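Down below is the structure, laid out as structure tokens.
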Amino acid sequence: MANVGIVIVSHSPKVAEGAADMVRQMVGTTVPVAHTGGNPDGGLGTAVDGILTAIDRAWSDAGVAILVDLGGAETNSEMAIEMLPAARQARVVVCNAPVVEGAVMAATESSGGAPLDAVKRAAEELMAS
Amino acid sequence: MMDQGVQRKLIQAVAETMIAHAEELTALDQAIGDGDHGLNMKRGFEGVLANIDVLASQPLPEALKAIGTQLVMKVGGASGPLYGTLLMSLGKGMPADPTLEDVGCCFGAAVDAVKARGKSDTGQKTMLDVLAPVQAELTKGGRDLAARISTTAFRAAEATKPMKALRGRASFLGERSIGHMDPGARSSALMITTVCNVLGG
């Protein structure tokens with residue numbers, strides 16, 4: 001698939017799943033979407049290997065945009081990007097945007113075939129207003 | 001090369017200290033964070049202990065990198081990547097048989113890597129408020145270095161109490177974060193004093 005993939009990372013597996021459901025309802029199957037949440041024991045938190053798996057599931061040659069909720073989700077996502085194969089690293093970005101609204105905006109932009117930087121900008125416009 | 005027995009003792013002592021202080025760290029984190037720091041560190045270091053035979057037999061730089069990776073994968077929460085970055089960066093620069101200057105130099109680079117990872121600096125009520133003064137003391141060298149570093153680490157963690165948090169979850173509390181010790185500063189101090197006790201004793 002050529003559209004930018006969307007990864008949703010929340011401390012809560014339920015929030016991550018719910019946000020992904022909302023995105024799918026908006027854009028159907030035209031955009032690869034994956035979600036991950038919870039620490040390695042299943043409690044609240046985020047885990048690097050879960051994020052790596054989600055990036056893999058949402059992978060697109062156009063790249064992947066990650067939406068995160070709180071601090072640790074961002075730090076863990078940045079760590080996960082650094083652990084990707086070098087060829088993939090430059091094609092994954094973390095968006096500075098609210099997780100639910102940002103994911104919906106990013107996916108809508110992606111569904112129109114926009115490139116990764118435009119998808120990121122669409123999500124981040126929410127922070128400017 | 002570092003004596004394997006000493007390396008094993010070091011890994012075991014640090015892991016056991018973090019596990020033993022899990023409740024204390026969680027209580028500190030409940031005051032100003034999300035209350036998972038102790039449990040997260042415990043999970044990470046239980047993973048390290050389970051793998052201690054391999055870690056103790058590796059050359060020091062490889063062992064540091066492996067422990068760092070394990071913390072990144074197991075801890076969950078921001079402290080995983082932060083402590084993972086600290087140890088992986090230490091391992092990256094460290095020769096197999098480091099001099100004191102080597103350790104000082106690598107530790108400096110590792111502290112910078114933590115600053116970059118957390119997009120933070122000293123004075124923001126974080127683990128950096130312990131790591132930076134420890135780095136300064138370490139580069140001085142001289143007599144009773146291990147004991148001096150321990151004291152520095154302990155005092156630096158205490159000194160985060162009056163600070164206002166500017167990074168991490170605690171920053172949401174603003175002024176209300178004042179009066180509580182930063183849990184990451186405390187866990188850093190515990191880790192450093194344990195290393196000093198093993199190497200300096």
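The values are calculated or read from the model by the stated rules, or taken from the named source; none is laboratory data. Since this is a predicted model, take the numbers as computed values, not measurements. Please note: Cβ atoms are built from the backbone with ideal geometry, for glycine as well, and neighbour counts cover all protein chains shown.
So the check is Cβ under 7 Å with 6+ separation or different chains; which pairs have a first residue in region B:96-121 that's in contact (Cβ under 8 Å) with a residue 40 or more places away in the chain and a second one that's part of a helix (DSSP H, G or I) and among the β-branched types (Val, Ile, Thr)?
B:GLY118/A:THR75
Given the conditions (1) within 14 Å of another protein chain (Cβ to nearest Cβ); (2) surrounded by 20 or more Cβ atoms within 10 Å (Cβ to Cβ); (3) over 15 Å from the mean Cα position of the chain (by Cα), and given that B:LEU86 satisfies all but one, which numbered condition is not satisfied?
(3)
So which of A:ALA62, A:ALA87, A:ALA54 is at pLDDT 95 or above and out of contact with any helix residue (DSSP H, G or I) (no Cβ under 8 Å at 6 or more places or on another chain)?
On the way: A:ALA62 fails: out of contact with any helix residue (DSSP H, G or I) (no Cβ under 8 Å at 6 or more places or on another chain); A:ALA87 fails: at pLDDT 95 or above.
Answer to the check: A:ALA54.
State all residues of region A:80-129 that are more than 30 Å from B:ALA66 (Cβ to Cβ) and touching a Leu at 6+ places or on another chain (Cβ under 7 Å); if no residue qualifies, say none. Before the answer, list the steps.
Just the residues of region A:80-129 that are more than 30 Å from B:ALA66 (Cβ to Cβ), to begin with: A:95-129.
A:CYS95, A:ALA97, A:PRO98, A:VAL99, A:GLU101, A:GLY102, A:ALA103, A:MET105, A:ALA106, A:ALA123, listed by residue number.
Can you tell me how many residues in region B:137-180 are assigned to a loop (DSSP other than H, G, I, E, B) and either over 30 Å from A:ALA73 (Cβ atoms) or within 14 Å of chain A (Cβ to nearest Cβ) (or both)? Break it down into steps so the answer makes sense when it comes.
Our first condition is that a residue be assigned to a loop (DSSP other than H, G, I, E, B); within region B:137-180, this holds for B:141-144, B:159-168, B:178-180.
From what is left, the residues that are either over 30 Å from A:ALA73 (Cβ atoms) or within 14 Å of chain A (Cβ to nearest Cβ) (or both) are B:141-144, B:165-168.
So the count comes out to 8.
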